[in-house]
Amino acid sequence: MKKRILTGDRPTGKLHLGHFVGSLANRVKLQDEYEQFVMIADVQALTDNFENPQKVRDNINEVALDYLSVGIDPKKTTIFIQSMIPQIAELTIFYMNLVTVARLQRNPTVKDEMKQKGMEENVPLGFLAYPVSQAADITCVNADLVPVGEDQLPMIEQTREIVRRFNTLYGNVLHEPKGLVGSSPRLVGTDGNNKMSKSLNNAIFLSDSADEVEKKVMSMYTDPTRLKATDPGHVEGNPVFVYLDAFGTDKDKDQITSLKERYRTGQVGDVEVKKYLVQILNNFLDPIRKRRSEYEKNPELVEKILKEGTEKARAEAQQTLAKIKKAMKIDYFS
Ligand code: ATP
Ligand code: MG
(Lines give C-alpha, C1' and ligand atoms only; values in the text may rest on other atoms or scores of the structure.)
(Ligands and ions follow the chains in the order given, each with its own letter.)
Protein backbone atom coordinates (compact mmCIF):
# COMPACT_ATOMS: atom_id res chain seq x y z
CA MET A 1 0.00 0.00 0.00
CA LYS A 2 1.19 3.51 -0.85
CA LYS A 3 1.88 5.89 2.02
CA ARG A 4 -0.37 8.93 2.24
CA ILE A 5 0.06 12.67 1.99
CA LEU A 6 -2.36 15.23 3.38
CA THR A 7 -1.77 18.93 2.96
CA GLY A 8 -3.64 22.05 1.95
CA ASP A 9 -4.04 25.80 1.83
CA ARG A 10 -6.42 28.37 3.20
CA PRO A 11 -8.72 29.95 0.58
CA THR A 12 -7.83 33.46 1.76
CA GLY A 13 -6.33 34.53 -1.56
CA LYS A 14 -4.63 33.24 -4.66
CA LEU A 15 -1.53 31.09 -4.23
CA HIS A 16 1.87 32.68 -4.71
CA LEU A 17 5.52 31.87 -5.38
CA GLY A 18 6.04 31.05 -1.68
CA HIS A 19 3.43 28.32 -1.86
CA PHE A 20 5.13 26.88 -4.89
CA VAL A 21 8.61 26.49 -3.41
CA GLY A 22 7.30 25.74 0.09
CA SER A 23 4.82 23.02 -0.73
CA LEU A 24 3.23 22.84 -4.20
CA ALA A 25 6.41 21.66 -5.96
CA ASN A 26 6.68 18.73 -3.54
CA ARG A 27 3.06 17.80 -4.12
CA VAL A 28 3.54 17.69 -7.87
CA LYS A 29 6.71 15.64 -7.43
CA LEU A 30 5.29 13.16 -4.91
CA GLN A 31 1.83 12.53 -6.33
CA ASP A 32 2.93 9.30 -8.06
CA GLU A 33 4.80 7.84 -5.13
CA TYR A 34 2.13 8.66 -2.52
CA GLU A 35 -1.64 8.54 -2.32
CA GLN A 36 -2.16 12.28 -2.03
CA PHE A 37 -5.01 14.32 -0.50
CA VAL A 38 -4.98 18.10 -0.92
CA MET A 39 -7.47 20.11 1.08
CA ILE A 40 -8.85 23.59 0.54
CA ALA A 41 -9.03 24.66 4.19
CA ASP A 42 -12.13 26.86 4.26
CA VAL A 43 -12.96 26.12 7.91
CA GLN A 44 -9.48 27.18 8.92
CA ALA A 45 -9.73 30.27 6.69
CA LEU A 46 -12.89 31.27 8.56
CA THR A 47 -11.07 31.25 11.92
CA ASP A 48 -9.68 34.69 11.08
CA ASN A 49 -12.09 35.61 8.26
CA PHE A 50 -15.46 34.68 9.73
CA GLU A 51 -16.67 38.22 9.15
CA ASN A 52 -15.88 37.94 5.46
CA PRO A 53 -17.35 34.67 4.16
CA GLN A 54 -17.55 35.92 0.57
CA LYS A 55 -13.77 36.20 0.42
CA VAL A 56 -13.39 32.58 1.48
CA ARG A 57 -16.09 31.48 -0.94
CA ASP A 58 -14.53 33.29 -3.90
CA ASN A 59 -11.10 31.86 -3.24
CA ILE A 60 -12.14 28.20 -3.28
CA ASN A 61 -12.17 28.30 -7.05
CA GLU A 62 -8.98 30.35 -7.26
CA VAL A 63 -7.05 27.87 -5.13
CA ALA A 64 -8.45 24.93 -7.12
CA LEU A 65 -7.29 26.63 -10.34
CA ASP A 66 -3.88 27.26 -8.79
CA TYR A 67 -3.53 23.56 -7.94
CA LEU A 68 -4.49 22.41 -11.40
CA SER A 69 -2.32 25.02 -13.11
CA VAL A 70 0.91 23.95 -11.36
CA GLY A 71 0.30 20.34 -12.36
CA ILE A 72 -1.46 18.74 -9.42
CA ASP A 73 -3.21 16.01 -11.37
CA PRO A 74 -6.78 15.20 -10.26
CA LYS A 75 -6.32 11.64 -11.55
CA LYS A 76 -3.53 11.12 -9.03
CA THR A 77 -4.44 13.56 -6.25
CA THR A 78 -7.71 13.88 -4.35
CA ILE A 79 -8.59 17.58 -4.04
CA PHE A 80 -11.33 18.33 -1.50
CA ILE A 81 -13.07 21.04 0.52
CA GLN A 82 -12.57 20.89 4.29
CA SER A 83 -16.02 22.02 5.45
CA MET A 84 -17.67 19.23 3.48
CA ILE A 85 -15.97 16.59 5.62
CA PRO A 86 -17.92 16.73 8.91
CA GLN A 87 -15.68 13.98 10.34
CA ILE A 88 -12.91 16.57 10.62
CA ALA A 89 -15.08 18.67 12.94
CA GLU A 90 -15.93 15.59 14.98
CA LEU A 91 -12.30 14.61 15.33
CA THR A 92 -11.37 18.14 16.38
CA ILE A 93 -13.76 17.83 19.32
CA PHE A 94 -12.21 14.51 20.39
CA TYR A 95 -8.67 15.89 20.12
CA MET A 96 -9.49 18.98 22.18
CA ASN A 97 -9.36 16.75 25.27
CA LEU A 98 -5.77 15.86 24.45
CA VAL A 99 -4.34 19.41 24.29
CA THR A 100 -4.04 22.14 26.90
CA VAL A 101 -4.78 25.80 26.28
CA ALA A 102 -1.28 26.62 27.58
CA ARG A 103 0.27 24.35 24.94
CA LEU A 104 -1.66 26.12 22.17
CA GLN A 105 -0.62 29.51 23.50
CA ARG A 106 3.02 28.40 23.33
CA ASN A 107 2.75 27.42 19.64
CA PRO A 108 5.20 29.87 18.00
CA THR A 109 3.28 30.21 14.72
CA VAL A 110 -0.02 30.83 16.48
CA LYS A 111 1.75 33.41 18.66
CA ASP A 112 3.21 35.24 15.64
CA GLU A 113 -0.08 35.22 13.78
CA MET A 114 -2.04 36.48 16.79
CA LYS A 115 0.38 39.37 17.06
CA GLN A 116 0.21 40.11 13.34
CA LYS A 117 -3.60 40.11 13.44
CA GLY A 118 -3.82 42.09 16.69
CA MET A 119 -5.61 39.22 18.44
CA GLU A 120 -3.43 39.07 21.55
CA GLU A 121 -6.10 40.44 23.88
CA ASN A 122 -9.15 38.74 22.43
CA VAL A 123 -8.25 35.67 20.47
CA PRO A 124 -11.27 33.73 19.15
CA LEU A 125 -11.28 30.18 20.51
CA GLY A 126 -11.55 28.85 16.96
CA PHE A 127 -8.34 30.60 15.98
CA LEU A 128 -6.39 29.48 19.03
CA ALA A 129 -7.54 25.93 18.41
CA TYR A 130 -6.76 25.76 14.69
CA PRO A 131 -3.70 23.55 15.26
CA VAL A 132 -6.05 20.99 16.81
CA SER A 133 -8.24 21.16 13.74
CA GLN A 134 -5.11 20.67 11.64
CA ALA A 135 -4.35 17.48 13.56
CA ALA A 136 -7.84 16.34 12.59
CA ASP A 137 -7.23 17.24 8.92
CA ILE A 138 -4.02 15.25 8.79
CA THR A 139 -5.30 12.20 10.64
CA CYS A 140 -8.73 11.98 9.03
CA VAL A 141 -7.02 10.06 6.22
CA ASN A 142 -4.26 8.77 8.53
CA ALA A 143 -1.58 10.61 6.54
CA ASP A 144 2.13 9.82 6.85
CA LEU A 145 3.63 12.92 5.24
CA VAL A 146 2.66 16.60 5.18
CA PRO A 147 4.44 18.87 2.64
CA VAL A 148 4.33 22.39 4.15
CA GLY A 149 6.25 25.62 4.51
CA GLU A 150 8.41 26.11 7.56
CA ASP A 151 5.80 28.16 9.44
CA GLN A 152 3.66 25.04 9.63
CA LEU A 153 6.21 22.76 11.29
CA PRO A 154 4.94 23.64 14.79
CA MET A 155 1.52 22.38 13.66
CA ILE A 156 2.98 19.05 12.62
CA GLU A 157 4.74 18.78 15.97
CA GLN A 158 1.44 19.49 17.73
CA THR A 159 -0.25 16.83 15.60
CA ARG A 160 2.45 14.31 16.49
CA GLU A 161 1.88 14.98 20.18
CA ILE A 162 -1.86 14.49 19.80
CA VAL A 163 -1.34 11.27 17.85
CA ARG A 164 1.04 9.87 20.48
CA ARG A 165 -1.39 10.75 23.23
CA PHE A 166 -4.31 9.23 21.35
CA ASN A 167 -2.42 6.01 20.62
CA THR A 168 -1.25 5.68 24.23
CA LEU A 169 -4.73 6.21 25.62
CA TYR A 170 -6.89 4.34 23.13
CA GLY A 171 -4.65 1.94 21.18
CA ASN A 172 -2.48 2.17 18.11
CA VAL A 173 -4.80 3.60 15.45
CA LEU A 174 -3.12 6.73 14.11
CA HIS A 175 0.06 7.25 12.10
CA GLU A 176 2.54 9.79 13.42
CA PRO A 177 2.98 12.14 10.43
CA LYS A 178 6.19 13.82 9.32
CA GLY A 179 6.47 17.32 7.86
CA LEU A 180 8.34 17.90 4.62
CA VAL A 181 9.48 21.43 3.76
CA GLY A 182 10.27 22.46 0.21
CA SER A 183 13.36 23.91 -1.48
CA SER A 184 12.64 27.36 0.05
CA PRO A 185 11.04 26.62 3.43
CA ARG A 186 10.08 30.29 3.89
CA LEU A 187 10.29 32.49 0.80
CA VAL A 188 10.76 36.22 1.51
CA GLY A 189 8.19 38.76 0.38
CA THR A 190 8.72 41.44 -2.28
CA ASP A 191 8.93 43.95 0.59
CA GLY A 192 11.79 42.11 2.29
CA ASN A 193 9.47 40.72 5.01
CA ASN A 194 10.66 37.28 6.05
CA LYS A 195 7.57 35.56 4.63
CA MET A 196 5.70 36.08 1.41
CA SER A 197 2.07 35.84 2.46
CA LYS A 198 -1.38 36.34 0.97
CA SER A 199 -2.31 38.62 3.86
CA LEU A 200 0.79 40.86 3.83
CA ASN A 201 0.44 42.39 0.37
CA ASN A 202 3.96 41.28 -0.56
CA ALA A 203 3.24 38.36 -2.88
CA ILE A 204 3.76 37.54 -6.54
CA PHE A 205 0.83 35.30 -7.42
CA LEU A 206 1.01 32.26 -9.68
CA SER A 207 -1.84 33.85 -11.65
CA ASP A 208 -0.25 37.31 -12.05
CA SER A 209 0.06 38.50 -15.64
CA ALA A 210 3.46 39.26 -17.17
CA ASP A 211 2.76 42.98 -16.68
CA GLU A 212 1.82 42.53 -13.04
CA VAL A 213 5.01 40.57 -12.43
CA GLU A 214 7.03 43.33 -14.05
CA LYS A 215 5.36 46.02 -11.95
CA LYS A 216 5.91 44.13 -8.71
CA VAL A 217 9.52 43.22 -9.44
CA MET A 218 10.52 46.73 -10.54
CA SER A 219 9.32 48.12 -7.19
CA MET A 220 10.83 45.31 -5.09
CA TYR A 221 12.86 45.86 -1.98
CA THR A 222 16.56 45.08 -2.56
CA ASP A 223 19.56 46.24 -0.55
CA PRO A 224 18.74 49.31 1.58
CA THR A 225 22.45 50.01 2.22
CA ARG A 226 23.12 50.54 -1.45
CA LEU A 227 22.38 54.03 -2.77
CA LYS A 228 24.14 53.99 -6.16
CA ALA A 229 24.82 51.24 -8.69
CA THR A 230 28.54 51.67 -8.00
CA ASP A 231 28.14 50.88 -4.25
CA PRO A 232 29.07 47.29 -3.36
CA GLY A 233 25.79 45.42 -2.71
CA HIS A 234 24.59 42.55 -0.52
CA VAL A 235 23.39 39.42 -2.27
CA GLU A 236 22.57 37.15 0.69
CA GLY A 237 18.98 37.62 1.84
CA ASN A 238 18.35 40.15 -0.93
CA PRO A 239 14.90 39.14 -2.25
CA VAL A 240 15.85 39.75 -5.88
CA PHE A 241 18.66 37.22 -5.65
CA VAL A 242 16.64 34.85 -3.48
CA TYR A 243 14.03 34.69 -6.27
CA LEU A 244 16.71 34.30 -8.97
CA ASP A 245 18.13 31.31 -7.09
CA ALA A 246 14.68 29.82 -6.48
CA PHE A 247 13.23 30.21 -9.99
CA GLY A 248 16.22 30.25 -12.36
CA THR A 249 16.72 27.02 -14.29
CA ASP A 250 20.03 25.23 -14.73
CA LYS A 251 20.75 27.13 -17.90
CA ASP A 252 20.39 30.46 -16.04
CA LYS A 253 22.95 29.50 -13.36
CA ASP A 254 26.06 31.07 -14.97
CA GLN A 255 24.30 34.32 -15.68
CA ILE A 256 23.01 34.48 -12.08
CA THR A 257 26.48 33.82 -10.67
CA SER A 258 27.94 36.59 -12.79
CA LEU A 259 25.18 39.06 -11.80
CA LYS A 260 25.86 38.32 -8.12
CA GLU A 261 29.55 38.99 -8.61
CA ARG A 262 28.87 42.28 -10.39
CA TYR A 263 26.36 43.30 -7.71
CA ARG A 264 28.82 42.61 -4.90
CA THR A 265 31.46 44.74 -6.59
CA GLY A 266 29.17 47.61 -7.58
CA GLN A 267 29.17 46.92 -11.31
CA VAL A 268 25.47 46.50 -11.96
CA GLY A 269 22.39 48.52 -11.08
CA ASP A 270 19.17 47.24 -9.51
CA VAL A 271 17.24 47.92 -12.71
CA GLU A 272 19.28 45.48 -14.78
CA VAL A 273 19.02 42.73 -12.15
CA LYS A 274 15.29 43.30 -11.82
CA LYS A 275 14.71 43.21 -15.56
CA TYR A 276 16.49 39.87 -15.67
CA LEU A 277 14.36 38.59 -12.78
CA VAL A 278 11.16 39.62 -14.62
CA GLN A 279 12.28 37.43 -17.52
CA ILE A 280 13.13 34.47 -15.25
CA LEU A 281 9.80 34.66 -13.40
CA ASN A 282 7.76 35.00 -16.56
CA ASN A 283 9.54 31.98 -18.07
CA PHE A 284 8.64 30.04 -14.94
CA LEU A 285 5.03 31.24 -14.87
CA ASP A 286 4.18 30.95 -18.58
CA PRO A 287 3.33 27.21 -18.61
CA ILE A 288 1.37 27.66 -15.36
CA ARG A 289 -0.65 30.51 -16.92
CA LYS A 290 -1.31 28.41 -19.99
CA ARG A 291 -2.69 25.48 -18.01
CA ARG A 292 -4.73 27.84 -15.85
CA SER A 293 -6.41 29.43 -18.84
CA GLU A 294 -7.41 25.97 -20.12
CA TYR A 295 -9.15 25.14 -16.85
CA GLU A 296 -10.68 28.63 -16.60
CA LYS A 297 -12.51 27.89 -19.82
CA ASN A 298 -14.06 24.81 -18.24
CA PRO A 299 -15.59 25.68 -14.83
CA GLU A 300 -17.85 22.59 -14.91
CA LEU A 301 -14.77 20.38 -15.02
CA VAL A 302 -13.20 22.18 -12.03
CA GLU A 303 -16.43 21.77 -10.05
CA LYS A 304 -16.59 18.08 -10.95
CA ILE A 305 -13.00 17.56 -9.77
CA LEU A 306 -13.81 19.20 -6.41
CA LYS A 307 -17.07 17.30 -6.01
CA GLU A 308 -15.59 13.89 -6.77
CA GLY A 309 -12.50 14.60 -4.65
CA THR A 310 -14.65 15.67 -1.72
CA GLU A 311 -16.75 12.51 -1.95
CA LYS A 312 -13.65 10.34 -1.99
CA ALA A 313 -12.07 12.15 0.96
CA ARG A 314 -15.33 11.85 2.91
CA ALA A 315 -15.46 8.10 2.36
CA GLU A 316 -11.87 7.79 3.63
CA ALA A 317 -12.59 9.98 6.65
CA GLN A 318 -15.65 7.87 7.48
CA GLN A 319 -13.50 4.76 7.59
CA THR A 320 -10.87 6.41 9.78
CA LEU A 321 -13.56 7.74 12.13
CA ALA A 322 -15.08 4.30 12.51
CA LYS A 323 -11.71 2.99 13.73
CA ILE A 324 -11.22 5.95 16.04
CA LYS A 325 -14.67 5.67 17.59
CA LYS A 326 -14.21 1.96 18.14
CA ALA A 327 -10.89 2.63 19.91
CA MET A 328 -12.59 5.33 22.03
CA LYS A 329 -15.46 2.96 22.87
CA ILE A 330 -18.08 5.26 21.36
CA ASP A 331 -19.13 2.93 18.55
CA TYR A 332 -22.76 2.37 19.58
CA PHE A 333 -25.47 0.47 17.70
CA SER A 334 -23.27 -0.69 14.84
P1 ATP B 1 -2.43 33.48 5.02
O2 ATP B 1 -1.72 34.80 5.03
O3 ATP B 1 -3.88 33.55 4.75
O4 ATP B 1 -2.09 32.64 6.24
P5 ATP B 1 -0.37 32.10 3.58
O6 ATP B 1 0.26 32.86 2.44
O7 ATP B 1 0.37 31.96 4.87
O8 ATP B 1 -1.80 32.74 3.76
P9 ATP B 1 -1.42 29.45 3.85
O10 ATP B 1 -2.63 29.02 3.09
O11 ATP B 1 -1.55 29.81 5.29
O12 ATP B 1 -0.75 30.67 3.05
O13 ATP B 1 -0.27 28.36 3.70
C14 ATP B 1 -0.37 27.24 2.87
C15 ATP B 1 0.93 26.50 2.80
O16 ATP B 1 1.90 27.26 2.08
C17 ATP B 1 1.57 26.21 4.17
O18 ATP B 1 2.19 24.96 4.11
C19 ATP B 1 2.60 27.30 4.29
O20 ATP B 1 3.67 26.94 5.13
C21 ATP B 1 3.07 27.43 2.85
N22 ATP B 1 3.60 28.77 2.63
C23 ATP B 1 2.90 29.92 2.67
N24 ATP B 1 3.69 30.98 2.46
C25 ATP B 1 4.95 30.49 2.25
C26 ATP B 1 6.25 31.07 1.97
N27 ATP B 1 6.39 32.39 1.87
N28 ATP B 1 7.31 30.24 1.82
C29 ATP B 1 7.16 28.90 1.93
N30 ATP B 1 5.98 28.29 2.19
C31 ATP B 1 4.89 29.06 2.36
MG1 MG C 1 -0.71 31.07 6.69
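The values are calculated or read from the model by the stated rules, or taken from the named source; none is laboratory data. From a predicted model like this one, the values you see are computed outputs, not experimental measurements. When we count neighbours, we look across all protein chains shown, and the Cβ atoms used for this are built from the backbone with ideal geometry, even at glycine. To get the accessible areas, we keep the full protein, side chains included, count just its heavy atoms, and leave off ligands, DNA and RNA. Shrake-Rupley method; radii C 1.70, N 1.55, O 1.52, S 1.80 Å.
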Ignoring ligands and nucleic acids, Lys14 exposes an accessible area, probe 1.4 Å, in Å² to the nearest 10, of 80
Restricted to the chain, the DSSP antiparallel beta bridge percent, nearest 5, is 5
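Per-residue counts of other Cβ atoms within 10 Å, averaged by peptide: what ranking do you get for 84-95, 46-57, highest first?
Ranked from most to least packed, the peptides come out as 84-95, 46-57.
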Hey, if we sort Met328, Met196 by accessible area with the 1.4 Å probe, largest down, what's the order? Met328, Met196
Taking the full set of protein chains and a 1.4 angstrom probe, give the accessible area of Met119 in square angstrom, rounded to the nearest 10. 20
Is the stretch 77-216 best put as rounded, prolate or oblate by its Cα gyration tensor, with a ≥ b ≥ c the root eigenvalues, rounded for a/c under 1.5, and otherwise prolate when a/b is larger than b/c, oblate when not? prolate
Using only DSSP helix segments of four residues or longer, with each worth -39500 (n - 2.57), what per-residue ellipticity at 222 nm results for the chain after dividing by its residue count and rounding to 500? -16000 deg cm²/dmol
Specify, per residue and in Å³, the volume enclosed by the convex hull of the alpha carbon atoms belonging to the stretch 20-77. 86
Computed P(r) (all Cα pairs; the chain; 10 Å bins; percent): 5, 24, 31, 23, 12, 4, 1, 0
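Which of the chymotrypsin sites (Phe, Trp or Tyr not before Pro) found in the stretch 271-305 are loop residues per DSSP with 15 or fewer other Cβ atoms within 10 Å of their Cβ? Display every interim value, and only then the final one.
Details: sites: Tyr276, Phe284, Tyr295; in loops: none.
Here no chymotrypsin sites (Phe, Trp or Tyr not before Pro) fit, given the DSSP loop and packing criteria.
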Using only the Cα atoms of the stretch 210-293, build the gyration tensor, take square roots of its eigenvalues as a ≥ b ≥ c, and label the shape rounded, prolate or oblate: rounded if a/c is under 1.5, else prolate if a/b is larger than b/c, else oblate. prolate
For the stretch 1-152: rounded, prolate or oblate by the Cα gyration tensor [a/c cutoff 1.5]: prolate
When only Cα pairs under 8 Å and 6 or more residues apart are kept, what is the percent relative contact order across the chain? 23
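Packing-wise, with mean Cβ within 10 Å as the measure, how do 285-291, 172-178 rank, highest first? Write down the numbers at each step before the final one.
Numbers: 285-291: 15.0, 172-178: 16.6.
The peptides rank, most packed first, as 172-178, 285-291.
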Here the relative contact order (percent) of the stretch 222-334, from C-alpha pairs under 8 Å and at least 6 apart, is 23
Loop-only GluC sites (Glu not before Pro) in the stretch 219-324, please: DSSP not H, G, I, E or B, and at most 16 other Cβ atoms within 10 Å. Glu236
Taking Cα atoms only, Rg over Rh for the stretch 105-156 with Rh from the Kirkwood formula is 1.01
So, with a 1.4 angstrom probe, what is the percent of accessible area on the chain that is carbon and sulfur? 52
For the ranges 130-141, 71-82, what's the packing order if you count other beta-carbon atoms within 10 Å of each residue, average per peptide, and put the highest first? 130-141, 71-82
When ligands, DNA and RNA are left out and all protein chains stay put, how many square angstrom of accessible area per residue does the stretch 210-293 have with a 1.4 Å probe? 56
Nearby lysines by direct alpha-carbon distance to Lys253 (threshold 26 angstrom, same-chain neighbours under 8 apart not counted): Lys29, Lys195, Lys215, Lys216, Lys228, Lys274, Lys275, Lys290
